[in-house]
Amino acid sequence: MKNVVVLGATGSIGQSAAKVARDIPHQMRIVGMSAHRNLAKFQELAAQFPDAALCVTGEDAPASIGCRKVLRGEEGLIELATLPEADMVLIAIVGTGGLRPALAAIEAGKDLAIASKEILVMAGEVVMEAARRKGVKILPVDSEHNAIFQCLEGRGAAHVRRLILTASGGPFRKLPAEKLVDVTPAQALKHPTWEMGAKVTLDSATLFNKGLEMIEARWLFDVGMDRIDVVVHPQSVVHSMVEFVDSSVLAQLSHSDMCFPIQYAVTWPQRVPNSLPPLDFAKLARLEFEAPRWDDFPALRLAQRAGTVGGTLPAVLNAANEMAVAAFLNRQIPFPGIWETVAATMDAHRSIAHATLDDIVGADQWARAYALERITA
Ligand code: MG
């Protein structure tokens with residue numbers, strides 16, 4: 001039995017985590033949950049998990065839900081993340097809000113299941129160093145990294161030639177380059193295979209999602225950016241692959257449902273029966289693979305550069321991208337303007353090597369201000 005705290009319980013990952021906890025109640029118990037603003041959903045979840053400690057980070061936090069006290073703000077998140085009875089903290093908060101609670105959980109000796117990309121993108125070096133020092137496990141919940149984690153089975157980087165991240169290619173996989181300028185927010189928010197929040201869905205359309213995942217993989221598995229590759233796989237059935245030094249490739253396959261990687265992170269190293277549907281290969285018909293359009297979707301090369309330089313540059317890429325995505329959704333910049341904003345902000349930044357958490361937070365704030373100025377200029 002694992003006692004799990006879920007930070008970001010009302011988002012799509014958080015709701016999948018609740019589903020897993022109901023599906024395998026003898027292996028997973030939710031002992032803490034946080035929400036930001038979706039109080040209706042949170043009350044529903046609180047009723048399902050009556051023993052869980054609760055925290056609300058948004059402004060209108062109630063003092064209590066039922067007769068249970070509600071913790072508040074970042075302090076409340078840190079209290080949840082360090083609950084004495086917790087074995088594992090699942091970080092599923094979108095954005096940078098999960099960073100300090102994640103580090104607090106590590107210091108308290110909790111294993112981390114990480115679904116928020118920002119944590120490893122911004123502070124991969126700091127987080128992995130802290131985890132090594134405290135002897136805690138970092139379990140990836142992102143479907144690609146969870147797939148690689150399953151394929152590696154503990155084998156280190158010396159056995160690996162390439163990590164191959166699969167990408168759905170997003171809704172504009174086949175759109176001619178000159179048409180990208182006409183893409184609307186509504187078109188970009190339609191993902192072909194996964195149901196996710198708006199930010200991740202848009203990042204899938206620009207391929208920044210895959211770029212961020214390349215940087216995450218670099219830290220999670222301790223391989224250089226030059227050994228992290230991307231292949232477009234529109235069906236999203238192969239979640240990623242590892243090519244070993246002997247040219248053998250292992251892949252992990254399942255339906256595209258986040259319950260699979262969440263359950264594996266929780267029950268690892270065990271495999272436990274559940275009610276998830278198995279694959280029917282006769283019905284799959286075919287699995288396709290193609291090269292990504294590196295030149296038409298510059299996000300991948302920008303991420304390669306950020307991951308190779310390291311320091312504060314990945315945090316700058318991430319922050320500029322968040323600002324640019326918001327500006328695109330507000331119709332302030334065209335779709336290709338997202339890439340241009342990120343590239344210009346990265347060009348203007350001087351990266352600090354072996355950055356501390358304060359350096360990273362500083363670079364994040366600088367990049368937001370710079371990108372915003374450029375967007376509104
Ligand atoms: Mg992913």
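The values are calculated or read from the model by the stated rules, or taken from the named source; none is laboratory data. Since this is a predicted model, take the numbers as computed values, not measurements. Cβ sites come from the backbone with ideal geometry, for glycine too, and all protein chains shown count toward neighbours. Calculation scope for accessible area: heavy atoms of the full protein, side chains included, ligands and nucleic acids excluded. Shrake-Rupley method; radii C 1.70, N 1.55, O 1.52, S 1.80 Å.
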Note on region 176-284: alpha-carbon gyration tensor, axes a ≥ b ≥ c; rule is a/c under 1.5 for rounded, else prolate if a/b larger than b/c, else oblate; result oblate
Taking every DSSP bridge whose two residues both lie in the chain, the antiparallel percent to the nearest 5 is 30
In whole percent, the fraction of accessible protein surface over the chain that belongs to carbon or sulfur atoms, probe radius 1.4 Å, stands at 51
Taking chymotrypsin sites (Phe, Trp or Tyr not before Pro) in a DSSP loop with at most 13 other Cβ atoms within 10 angstrom as exposed, one finds the longest site-free stretch of the chain at 1-288
Contour minus Cα-Cα span, ASP347 to ASP51, at 0.36 nm per residue, comes to 101.6 nm
With Cα springs under 10 Å, the Gaussian network model of the chain assigns the largest mean-square fluctuation among ALA265, ALA217, ALA108 to ALA108
Of all GluC sites (Glu not before Pro) in region 75-175, the ones in DSSP coil with at most 15 other Cβ atoms within 10 Å are GLU85, GLU153
The chain, Gaussian network, Cα under 10 Å: of SER16, SER254, SER64, the residue fluctuating most is SER64
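Any of LYS174/LYS199; LYS2/LYS190; LYS41/LYS110; LYS117/LYS190 with alpha carbons more than 25 Å apart? Name them for me. It would help to have the intermediate numbers written out before the result.
Details: LYS174/LYS199 21 Å; LYS2/LYS190 35 Å; LYS41/LYS110 27 Å; LYS117/LYS190 20 Å.
Checking Cα-Cα distances, LYS2/LYS190; LYS41/LYS110 exceed 25 Å.
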Quick shape check on the chain: root eigenvalues a ≥ b ≥ c of the Cα gyration tensor, a/c under 1.5 is rounded, otherwise prolate if a/b tops b/c, else oblate, and it reads rounded
With the 1.4 Å probe rolled over protein heavy atoms, region 310-377 has an accessible area per residue in Å² of 44
Probe 1.4 Å, heavy atoms of protein chains only: per residue, the accessible area of region 105-249 in Å² is 36
Per the rule of 0.36 nm per residue minus the C-alpha distance, extending LYS41 to ASP358 adds in nm 110.7 nm
Under a 1.4 Å probe, counting only protein heavy atoms, HIS36 has an accessible area in Å², nearest 10, of 90
Taking only protein heavy atoms and a 1.4 Å probe, the highest-to-lowest accessible-area order of GLU340, GLU243, GLU59 is GLU59, GLU340, GLU243
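How would region 310-377 be classified by its alpha-carbon gyration tensor: rounded, prolate or oblate, with rounded meaning a/c under 1.5 and the a/b versus b/c comparison settling the rest?
Note, shape of region 310-377 comes out prolate.
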Exposed-loop cut sites defined as trypsin sites (Lys or Arg not before Pro) in DSSP loop states with at most 15 other Cβ within 10 angstrom; longest site-free run of the chain spans 38-136
